[in-house]
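The values are calculated or read from the model by the stated rules, or taken from the named source; none is laboratory data. The structure displayed is predicted, hence computed values, not measured ones. Note that we place each Cβ from the backbone using ideal geometry, even for glycine, and neighbour counts take in every protein chain shown.
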Amino acid sequence: MASVTKEIMTKARPEDAWAAIADVGALHTRLVPGFVVATRLEPGARVVTFANGAIAREPIVTIDAAARRLVWSAEGGRTTHYNASLQVLGGDAGARIVWVADFLPDSAAGAIAAAMDVGMAAMKANLDRLAP
C-alpha cells in the first residue's frame with residue numbers, strides 16, 4: 001500500500017485551522033477553495049467535486065476534536081482503497097497541518113502526491129488569511 005505525507009505551516013492559530021478542517025461540508029468555502037469547487041453532505045459522508053471535475057464520495061471515519069484530527073476514506077476515482085487523515089498540530093507561529101493518505105494501487109502515488117500538493121497550497125493560502 002502506498003502512503004503519501006504532506007505538511008504545511010500556516011500562520012493561522014491551531015484552533016482556527018481546526019475549525020475550518022472540522023467543518024467537513026465546507027471544503028469549497030472554508031478550507032480549500034479553488035481545489036474543491038463543491039461539497040455536499042449526506043448521512044455519514046460528503047460528496048466532493050474537485051476543480052478538475054472529479055467527484056468522490058468521502059465517508060467520514062472520525063472527527064477527533066481533542067486530537068484535532070479528521071479521518072476520511074474515499075469511494076470512486078482512481079483508487080481501489082483510500083484512507084486519509086488531516087491533523088492540526090501547534091506551532092511556534094501558527095499551526096502545522098499534516099495530511100497522510102494511504103491508498104491502492106501503488107501506481108497512483110504520483111498523481112495523488114501531485115493532487116495533495118495542489119490541495120495543500122490552497123489550504124495554506126486560505127488558512128493564512130485567518131491569522132490574527
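Taking the criterion of being more than 22 Å from ASP128 (Cβ to Cβ) and either of a type in the set (Phe, Trp, Tyr) or exposed (fewer than 14 other Cβ atoms within 10 Å of the Cβ) (or both), the residues of the range 87-110 that qualify are PHE103, LEU104, PRO105, ASP106, SER107, GLY110.
Scan the range 89-127 for residues that are among the charged types (D, E, K, R) and modelled with pLDDT under 95 and the total you get is 1.
Considering the conditions (1) in contact with a strand residue (DSSP E or B) (Cβ under 8 Å, 6 or more places away or on another chain); (2) surrounded by fewer than 20 Cβ atoms within 10 Å (Cβ to Cβ), ALA125 is excluded by exactly one of them, (1).
For ASP106, indicate whether it is over 16 Å from the mean Cα position of the chain (by Cα) and in contact (Cβ under 8 Å) with a residue 60 or more places away in the chain. For ASP106, the condition - over 16 Å from the mean Cα position of the chain (by Cα) and in contact (Cβ under 8 Å) with a residue 60 or more places away in the chain - is met. Taking every residue in the range 66-80 that is among the hydrophobic types (A, V, I, L, M, F, W, C) and pairing it with any residue that is assigned to a strand (DSSP E or B) and surrounded by fewer than 18 Cβ atoms within 10 Å (Cβ to Cβ), at least 6 positions away or on another chain, the pairs with Cβ-Cβ distances below 6 Å are LEU70/ILE63; VAL71/VAL61; VAL71/THR62; TRP72/ILE60; TRP72/VAL61.
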